[in-house]
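K.L.:
I'd like to ask some things about the structure below.
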Amino acid sequence: MSEQQHATTDDTDVTSEKLVELAKRRGYFFQSSGAYGGVGGFYTFGPQGAALKGNVEDAWRDRFAVAEGNMEIDAPTIMPEPVFEASGHLEGFDDMLVECSECGASHRADHIVEDNTEYEDAESLPIPEVEEIVAEYELVCPACGAGLAGQAVETFNLMFGTNIGPGDSDPGYLRPETAQGIFVEFPRLKEYARNQLPFGVTQIGRAYRNEISPRRSIIRTREFTQAELEYFVDPEDDEPDLEAVADVAVTLYPASEQNAEDGSEIETTIGEAVEEGIIGDEWVAYFLGVAKPWYESVGVDMDRFRFRQHLSGERAHYAADCWDAESEVDGNWIEMAGFAYRGDYDLSKHEEYSDDRFTIFKQYDEPKTVERATVDPDMSYLGPEFGGAAQDVVDELEALAARDREAFEGDTVEIDLEGETHEIPVEKTGFSVDEETIAGEHITPHVVEPSFGVDRLVYTVLHHAYREDEVDGEERTYLELEPEVAPTFVGVFPLQNDDDLEAVADEIVADLRAAGLSVTYDDSGNIGRRYRRQDEVGTPFCVTVDYETVEDEETTVTVRERDTTDQKRIAVDELAETLSAIRDGDLAFEEL
RNA sequence: GCGCUGGUGGUCUAGUGGUAGGACAUGAGCUUCCCAAGCUCAUAGCCCGGGUUCAAUUCCCGGCCAGCGCACCA
């Protein structure tokens, strides 16, 4: 994750402060465990925030699981140590820190070593060796220049550890990403996909990282929600449906532009970017094309949105290409998602470390017929002849048959065994050449991984929705949230304290809730105050029951739209239907 | 983790070596026929631990937390 720093302006800082204050006051999010002094890097989503986050997750599920025909799973957050040995998190997630005794600054010991010696991969060296190198090369603190020799190098692992069951013989870790829960279950998941590539598996869930310093409210926390898709493809045969996203307009910030002196973002389309080689991988391009309109649909401001390519140094070694979705908040670009082509790295590692197979059997279009040379030695001959070495002879014969069948053309075959040459009658080897039919081969699928940070997206959505304006000379704060994600869809009010009005309002609340809408009722204070309350949490519509409602023959209510504060009269009979249509995007308020 | 600044009702803040005032918000009532109006009343607070002191929310030390800078963000 990188957060490119840009100059901040007073305006945006103010918005951020106001937003955090609003979030606390109105129940979007707040720091957890406040009664006990608070704990760093943990946040609770309040009633509004939980609803917003849930709606965003639902929208993600609709787009990336349902609409793409992918499977969703829900794996545990705690996994045993071997999983993370395989994934590389146990080692790779370790930071080697060394503290300067003079100025107190702590630095990455491996980085200091790499920068100042010929060692290139200090991270993989054992701690004592790094300490020795530091002493031997008389390395100094980059901050103050004091010598670091003799200072202890300590590791800090970003994973939260725990014990599974009693005792500490069975260590486990809280997952630092949801992805491993998918990779680990691949052998079973491929069955559910009927062994057919390509297929995708999604997961929305919590991940944990013991960050050294959590920052900026919910932007960088120690427990967060990810929405990830692992899309498994056959690298040779599978291709994305690029046509479907070719026309999607995107703002790209490729590595080349970031490196250039006066580099800038590029306005283009997915189709053109692939054609011009700006986006190197078609699968990554496809998911960027899916993601952009989706981000727009949940309320990310497209003027403050871009895809930024990872610089070569930022990229994990196995990632062929990687792009981040970034949004601008407070004048800073923050990473909201990463789209990486991970090759076969993850599955190969689990194949290597586990007992299971992480491959898929790929059937050839036509079965292949191949000739194969095999041996079937006569053990009643080899046994007495070679004694304990008989098995070694067999192994050697098998190897020889595979690599050089001409060796078996004479009456005897020569093999080398521990420096000695032995002659064995070919008839005793059971040598034969047979035709074999091969239907296919086991391949390790490649993985394309769109990985979304939900909390950061929620923060962005709120920030981009924050508005201040004036209504009738009075200041107003409101959240211009998309109806699809707004925590509450409609507020219902009686115009005044009046039993008749309240009775009608109660009925309307029940009707709208029965229609599946998220409704809130409010009868306190004057009508303007109630409108403002709903504005501030981003409720798109308010319904007011007035005296026309109860006195006129045709019962109607006013429906007031949040952003414009415009009002229209709607018949009570049609209210639920009309509002549902608006929510589902089938009708616009202006059309009423 | 290091450094700087800060921590007072739900929120924002004033202030003080003798335990606190405001604004907004919230609740009740009055008023009110569509955009935070008015009036009355009510609820509610000095981050935690230790020290100095007759007395600490205030001063000192430590911790926790937040924002920012550095470092970190596989």
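K.L.:
For the stretch A:475-592, list the helices (runs of 4 or more DSSP H) that sit wholly inside it and hold at least 3 residues that are closer than 26 Å to A:Asp62 by Cα and touching a residue at least 24 places away in the same chain (Cβ under 8 Å); which are they?
P.N.:
Numbers: elements: A:499-514, A:527-537, A:547-551, A:572-583.
Passing ranges, in order: A:572-583.
K.L.:
With the stretch A:362-473 as the region, which strands (runs of 3 or more DSSP E) entirely inside it contain at least 1 residues that are out of contact with any Pro (no Cβ under 8 Å at 6 or more places or on another chain) and surrounded by fewer than 16 Cβ atoms within 10 Å (Cβ to Cβ)?
P.N.:
Result: A:412-417, A:420-425, A:432-443, A:466-471.
K.L.:
Against the conditions (1) of a type in the set (A, V, I, L, M); (2) over 30 Å from A:Val56 (Cβ atoms); (3) under 49 Å from the mean Cα position of the chain (by Cα), where does A:Val471 fall short? Just the number, please.
P.N.:
Condition not satisfied by A:Val471: (2).
K.L.:
Give the residue, chosen from A:Glu577, A:Glu507, A:Glu590, that is over 29 Å from A:Ala50 (Cα atoms) and surrounded by fewer than 16 Cβ atoms within 10 Å (Cβ to Cβ).
P.N.:
A:Glu590
K.L.:
What are the residues in the stretch A:474-488 that are under 26 Å from A:Asp586 (Cα atoms) and surrounded by fewer than 18 Cβ atoms within 10 Å (Cβ to Cβ), if any?
P.N.:
As a first pass, look at the stretch A:474-488 and keep what is under 26 Å from A:Asp586 (Cα atoms): A:478-488.
The one that is under 26 Å from A:Asp586 (Cα atoms) and surrounded by fewer than 18 Cβ atoms within 10 Å (Cβ to Cβ): A:Glu480.
K.L.:
Hey, could you check the stretch A:512-537 for residues that are open to solvent by 60 Å² or more (accessible area, probe 1.4 Å), more than 6 Å from RNA strand B (Cβ to nearest atom) and not small (Gly, Ala, Ser) and say which is nearest to the chain's Cα centre (by Cα)? I'd like the intermediate steps shown before the answer.
P.N.:
Within the stretch A:512-537, the subset open to solvent by 60 Å² or more (accessible area, probe 1.4 Å) is A:513-514, A:521, A:526, A:529, A:532-533.
The next check asks that each one be more than 6 Å from RNA strand B (Cβ to nearest atom); those that pass are A:513-514, A:521.
Of the ones still in play, those that are also not small (Gly, Ala, Ser) are A:513, A:521.
Working: A:Arg513: 34, A:Tyr521: 37 Å.
Step by step, filter the stretch A:512-537, then rank; the result is A:Arg513.
K.L.:
So which residues in the stretch A:188-201 are surrounded by fewer than 17 Cβ atoms within 10 Å (Cβ to Cβ) and under 20 Å from A:Pro235 (Cα atoms), if there are any at all?
P.N.:
Step one: list which residues in the stretch A:188-201 are surrounded by fewer than 17 Cβ atoms within 10 Å (Cβ to Cβ), which gives A:188, A:191-192, A:194-196.
Hits for the stretch A:188-201 are A:Glu191, A:Arg194, A:Asn195, A:Gln196.
K.L.:
Hey, among A:Leu229, A:Leu252, A:Leu242, which residue is modelled with pLDDT of 95 or more, closer than 30 Å to A:His442 by Cβ, assigned by TED's automatic domain parsing to the domain that holds A:Gly271 and away from RNA strand B (no atom under 16 Å from the Cβ)?
P.N.:
So the residue among A:Leu229, A:Leu252, A:Leu242 that is modelled with pLDDT of 95 or more, closer than 30 Å to A:His442 by Cβ, assigned by TED's automatic domain parsing to the domain that holds A:Gly271 and away from RNA strand B (no atom under 16 Å from the Cβ) is A:Leu242.
K.L.:
Please find, within the stretch A:27-54, the residue that is nearest to RNA strand B (Cβ to nearest atom) out of those that are more than 18 Å from A:Glu17 (Cα to Cα) and hydrophobic (A, V, I, L, M, F, W, C).
P.N.:
A:Val39
K.L.:
Condition check: under 24 Å from A:Glu470 (Cα atoms), open to solvent by 70 Å² or more (accessible area, probe 1.4 Å) and more than 11 Å from RNA strand B (Cβ to nearest atom). Does A:Glu554 satisfy that?
P.N.:
Details: under 24 Å from A:Glu470 (Cα atoms): no; open to solvent by 70 Å² or more (accessible area, probe 1.4 Å): yes; more than 11 Å from RNA strand B (Cβ to nearest atom): yes.
In short, no.
K.L.:
Pull up the stretch A:293-318, narrow it to residues that are away from RNA strand B (no atom under 16 Å from the Cβ) and part of a loop (DSSP other than H, G, I, E, B), then point me to the one that is surrounded by the fewest Cβ atoms within 10 Å (Cβ to Cβ).
P.N.:
That would be A:Asp301.
K.L.:
Please name all residue pairs, on different chains or six or more residues apart, with Cβ atoms under 6 Å, provided the first residue is in the stretch A:102-115 and is within 20 Å of A:Asn157 (Cα to Cα) and within 10 Å of RNA strand B (Cβ to nearest atom) and the second residue is at pLDDT below 75 and assigned to a helix (DSSP H, G or I).
P.N.:
A:Asp110/A:Ala122; A:Asp110/A:Glu123
K.L.:
Quick check on the stretch A:452-505: of everything there that is touching a Ser or Thr at 6+ places or on another chain (Cβ under 8 Å) and within 10 Å of RNA strand B (Cβ to nearest atom), which residue is farthest from A:Ile218 (Cα to Cα)?
P.N.:
Across the stretch A:452-505, the extreme among qualifying residues is A:Leu501.
K.L.:
Given the options A:Ser217, A:Ser213, name the one that is in the same structural domain as A:Phe45 (by TED's automatic domain parsing) and on the phi > 0 side of the Ramachandran plot.
P.N.:
Just a single option satisfies the conditions, and that option is A:Ser217.
K.L.:
Can you name the number of the only condition in (1) modelled with pLDDT under 95; (2) open to solvent by 30 Å² or more (accessible area, probe 1.4 Å); (3) outside the structural domain of A:Val140 (by TED's automatic domain parsing) that A:Glu99 fails?
P.N.:
(3)
The values are calculated or read from the model by the stated rules, or taken from the named source; none is laboratory data. Everything numeric here is computed off the predicted structure, so don't read it as measured data. Note that each Cβ is placed from the backbone with ideal geometry, even for glycine, and that neighbours are counted across all protein chains shown. We work out accessible area using only protein heavy atoms, side chains counted, and drop any ligands, DNA or RNA first. Shrake-Rupley method; radii C 1.70, N 1.55, O 1.52, S 1.80 Å.
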